[in-house]
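Below: one structure in structure tokens.
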Amino acid sequence: MAMTLYKFQLTKERSDMNRQLIAAMCNEMGHYQDFQVKLYEFGFKPRKMRWAFWLVGFVFGFGSRLLGKRAILKTGIWVESKAVHHYAELLETIDWDDVTRKVIEKDAADEDGHIARWKALLKQMG
């Protein structure tokens, strides 16, 4: 969902914010691949309703873009905070193998980085 969110928050202007959104989108693509691989390794199949995650990402991404830069940043902070919370739940409730645990911890740390980046940009805006 975050990958789609960032994709639809992008504008055509050349700006630091757009560069940050592109970097975050690419990072989220890596997370998506990490989890696809792990899901297949554990024998899961893709959800039939997976298109709904795209739709939610589109609605939040495009909606926040329409509302302006502050809304884009606040939406990013909110979404990434939810991700950090969910990663923490995954790490606390399941006894993962070392490789999978490291993937989840790395992705959670990336999300913390996104939150810090969006908060810093929001603070710069005043």
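If the reach is capped at under 13 angstrom between alpha carbons, list the aspartates and glutamates near K69, excluding any in the same chain fewer than eight residues apart.
E13, D16
Mind checking the stretch 27-126 for trypsin sites (Lys or Arg not before Pro) that DSSP puts in a loop (not H, G, I, E or B) and that have at most 10 other Cβ atoms within 10 Å?
R47, K48, R50
Here's a follow-up. Work out how much length A23 to A52 would gain on full extension: take 0.36 nm times their residue separation and subtract the Cα-Cα distance, in nm to one decimal.
This chain segment gains 8.1 nm when fully extended.
Which order do H31, H86, H114 fall in if you start with the one that has the fewest other Cβ atoms within 10 Å?
H86, H31, H114
Here's something else I'd like to know. Just how large is the dipole of the chain about the Cα centre, in debye to the nearest 20, putting +1 at every Lys and Arg Cβ and -1 at every Asp and Glu Cβ?
Result for the chain is approximately 860 debye, rounded to the nearest 20.
Ok, one more. Provide the gained length on full extension for the span E41 to D95, in nm with one decimal, where the gain is 0.36 nm per separating residue minus the Cα-Cα distance.
Taking 0.36 nm per residue and subtracting the Cα distance, the gain is 17.8 nm.
Next up: Mind checking the stretch 1-75 for chymotrypsin sites (Phe, Trp or Tyr not before Pro) that DSSP puts in a loop (not H, G, I, E or B) and that have at most 11 other Cβ atoms within 10 Å?
F42, F44
If I compute mean projected area of the Cα convex hull in nm² from the structure I just sent, which labelled value in [x] 14.9; [y] 8.0; [z] 10.3 lines up?
Checked against the structure: label [y].
Each reported figure results from applying straightforward, stated rules to the coordinates on display, with no laboratory input. For clarity, every value in this text was computed on a predicted model and none was experimentally measured. FYI the Cβ positions are ideal-geometry reconstructions off the backbone, even for glycines, and counts take in every protein chain you see.
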